[in-house]
Amino acid sequence: MIKTVGEGAVFAIQMLMNGSIPKQAEELVLDASESSRNSTIEKGAILQYGPFFDRLNSETLASSNSQFFNLFEYISLYIHIPFCRRKCPYCHFYSVYDDESIKDRYLQALVREIEQKKSLFSKRHIVSLYFGGGTPFLFGVERIKTILDYFDVVDCEITLEANPESISEEKLEEYRAIGVNRLSFGVQSFDQRELQLLGRCHSVEQAIQAVHLAKPFGNISIDLMYELPGQTLSSWKRTLEQACSLPIQHISLYNLMIEPESAWYRKKEAIVLPGEQMALAMYEAAVDITSKHGFEQYEISAFSRPGFHSNHNSGYWIGREFLGFGAAAFSFYNNYRFSNVADIRKYCSEEESVDFSETLTSEERVRELIAVGLRMNQGVDVAALEEHWGAAAPSLSHLEEAGLLVTKKGRVGLTQRGRLLYDAVAAEII
Ligand code: SF4
């Protein structure tokens, strides 16, 4: 299956946003490489050259590009915990049924991988550690603590994803006691009909109660989805108003995309989405309502109370290196992009977890950093990127002329229209 460059490019950005890969990630990334950009895919290299991590020892960093903007000393870590009570029909990320019998084996495999990668992070300041999934809350406090004990997490944002139906006051307190200092709830909607449509296991009341129970964390993020089948502007506004009235500090927005590997993809012809004009109206409503309630938009789809930007996600957008652990986890380190096998049994049984890697040329890295960096309100210093990487950025003048980009004080940023059409802008740049 050949994808357009745009689809592959946007897909690569989605991986950066989520820290783990859909099941077909390898195929799609390889498709992206088939463009005329002459990408340097190294599929299979790990088999030819021995253990992948031997090639990524920390000494190579002394001369690496990681020093860009003093990012060298910082690193983010992502731990993928793939267990879910039920597969949501729109979800295409790697997850498995919540099976207690495999969790200890999975923990052992995670520990093995952490030991393997130790030299890559041991001299770095870990600024964020993110347990994503799946539903990491279901992994259990003891197992999460076992993992945390392997890292030096002083001054570190430690996020755990949870679903409203899984939590209890007691468990929340236990997670807080072991050092988790940020919770991210998969709420998606405060409309009961929409929750049922999405196949979520929680009710509106459970979501509201969960946020209140988690209040002692003082740093709560919720995910909300728009552009859902049957969703109206007024139901979306009610969801936003409800969200803003809760003791939360952060909101991440997702517009529904019917992705391959999701259950809905197989019947996508039958699914009627609200349409482009409505999607734009919903997005604008989100910007207006969150702003009215004191949230600041710092990225296309991220809104926070002052001082509560997601440190972890910001790392993806500014190009901080990150290491992923667990089945399907994705990493970017020392100019290598690599991902683990998206199969929990293989991940647990095989010594080498990486099954895909590629290096990026300087030109590709500049393109990617511009495309990802544009997501942030602060925009991108393109000249600094060019100077550091020794590679020319693509011309952006046609995007400025089209009213999608604007340059202010040496930084290029998206216009409001550019934000709405970000996927097309990113595809054009990459
Ligand atoms: S709970 Fe989250 S990760 Fe699990 S299937 Fe649903 S959307 Fe996907």
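The values are calculated or read from the model by the stated rules, or taken from the named source; none is laboratory data. Because the structure is a prediction, the values reported are computed rather than measured. All Cβ positions, even for glycine, are placed from backbone atoms using ideal geometry, and neighbour counts span all protein chains on display.
Could you please find all residues in segment 93-105 being near the ligand (Cβ under 8 Å from one of its atoms) and in a loop (DSSP other than H, G, I, E, B)?
Across segment 93-105, the qualifying residue is only 95.
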Selection within segment 166-185 - within 16 Å of the ligand (Cβ to nearest atom) and either of a type in the set (Val, Ile, Thr) or in contact with a helix residue (DSSP H, G or I) (Cβ under 8 Å, 6 or more places away or on another chain) (or both): 166, 167, 183, 185
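Pick out the one residue from 283, 265 that is crowded, with 20+ Cβ neighbours inside 10 Å and at pLDDT below 95.
283 is the lone residue from the list that is crowded, with 20+ Cβ neighbours inside 10 Å and at pLDDT below 95.
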Residues of segment 284-325 satisfying the condition of being touching a helix residue (DSSP H, G or I) at 6+ places or on another chain (Cβ under 7 Å) and of a type in the set (Ser, Thr, Tyr): 290, 316
Test: residue in segment 117-129 that is in contact (Cβ under 8 Å) with a residue 40 or more places away in the chain, among the basic types (Lys, Arg), part of a loop (DSSP other than H, G, I, E, B) and more than 16 Å from the ligand (Cβ to nearest atom): yes
Of residues in segment 151-185 being in contact with a Ser or Thr (Cβ under 7 Å, 6 or more places away or on another chain) and assigned to a loop (DSSP other than H, G, I, E, B), the one surrounded by the fewest Cβ atoms within 10 Å (Cβ to Cβ): 156
From 407, 359, residue being closer than 21 Å to residue 333 by Cβ, surrounded by fewer than 17 Cβ atoms within 10 Å (Cβ to Cβ) and at pLDDT 90 or above: 359
All positions within segment 132-160 that are touching a residue at least 40 places away in the same chain (Cβ under 8 Å) and within 15 Å of the ligand (Cβ to nearest atom): 132, 133, 134, 135, 136, 138, 139, 159
In segment 118-134, the residues that are at pLDDT below 95 and under 26 Å from residue 101 (Cα atoms): 133, 134
Residue 231 vs. criteria within 14 Å of the ligand (Cβ to nearest atom), surrounded by 15 or more Cβ atoms within 10 Å (Cβ to Cβ) and not acidic (Asp, Glu): no
Segment 400-430, subset small (Gly, Ala, Ser) and at negative phi, residue farthest from the chain's Cα centre (by Cα): 402
Candidates 209, 188, filtered to the one that is more than 16 Å from the ligand (Cβ to nearest atom) and either surrounded by fewer than 16 Cβ atoms within 10 Å (Cβ to Cβ) or modelled with pLDDT of 95 or more (or both): 209
Matching residues in segment 97-153 - criterion: being touching a strand residue (DSSP E or B) at 6+ places or on another chain (Cβ under 8 Å) and among the basic types (Lys, Arg): 103, 117, 124
Inter-residue pairs, beta-carbon under 6 Å, first among the polar types (S, T, N, Q) and in segment 182-201, second crowded, with 24+ Cβ neighbours inside 10 Å and assigned to a helix (DSSP H, G or I), 6+ apart: 189/239
